[in-house]
Amino acid sequence: MSSYAETKYRAVTAFQRRLNAVVRRLPVQTLLETTGRVSGLPRRTPVGGRRVGDSFWLVSEFGERAQYIRNIRADPRVRVRIRGRWHAGTAHLLPDDDPVARLRGLPRLNSLAVRAMGVGAGLLTVRVDLER
């Protein structure tokens, strides 16, 4: 990773840590709940994405470096809060999917934020298959 990308990553993650502490409390915010790979505790991350049928799609702006992605690698069982309701599911990391094309089908404001804050080649598509 270039020094610019590393600096951007550090700045954005510091900003997001503070912002997410507030945003995750909003009842309408979509949250992804993973299990901490070290602590075993639930970790809730505000995300933007879209439910399509029995799947929820999102794009991680820091790909493999995102903590929730690392947690999914350790345990793909997750929950997603959509419009105030929790849904259990299994997350799948899709490195062969085109995340830029995927962003075109996701909520516009979130997609703009992912593009602005993310580091180009680091984008990663995630599909969560929701249980019925």
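Annotation for VAL28 and GLU64: the two label points, set 7 Å from Cα along the Cα-Cβ direction, are 3.8 nm apart.
Grouping the Cα pair distances of region 74-115 into 10 Å bins from zero gives a pair-distance distribution of 23, 38, 39, 0 percent in increasing distance order.
Values of log10 I(q)/I(0) for region 60-132 across q = 0.16, 0.21 Å⁻¹ run -0.60, -1.01, by the Debye formula with one identical scatterer at each alpha carbon and no solvent.
Based on Cα coordinates alone, diagonalise the gyration tensor for the chain, multiply each eigenvalue by 5, take square roots, and list the semi-axes in whole Å, largest first. Walk me through the numbers before you get to the answer.
Details: eigenvalues 90, 57, 46 Å².
So the three semi-axes of the chain are 21, 17, 15 Å.
Across region 31-40, coupling constants 3J(HN,Hα) worked out from phi with the 6.51/-1.76/1.60 Karplus curve, θ = phi - 60°, read 10, 10, 9, 10, 9, x, 5, 9, 7, x Hz, and Gly and Pro carry x.
Think of each Lys and Arg Cβ as +1 and each Asp and Glu Cβ as -1; about the Cα centre, that makes the dipole of the chain roughly 600 debye. What is the distance, in nm, between label points placed 7 Å from the Cα along the Cα-to-Cβ direction at SER55 and at VAL38? So the label points at SER55 and VAL38 sit 3.3 nm apart.
What part of the accessible area of the chain, given as a whole %, is carbon or sulfur when the probe is 1.4 angstrom? Before the final figure, lay out each step's value.
Values: 4210 of 7850 Å².
Ligands and nucleic acids excluded, carbon and sulfur give 54 percent.
Can you work out the PRE-style zone for ASP129? Point 7 Å along Cα to Cβ, and I want the residues of region 33-68 with backbone N under 14 Å. Within reach of a label on ASP129: 54-56.
The values are calculated or read from the model by the stated rules, or taken from the named source; none is laboratory data. Predicted model only: the values in this text are computed from it and were never measured. Glycine also receives a Cβ, built like all others from the backbone with ideal geometry; neighbour counts cover every protein chain displayed. Calculation scope for accessible area: heavy atoms of the full protein, side chains included, ligands and nucleic acids excluded. Shrake-Rupley method; radii C 1.70, N 1.55, O 1.52, S 1.80 Å.
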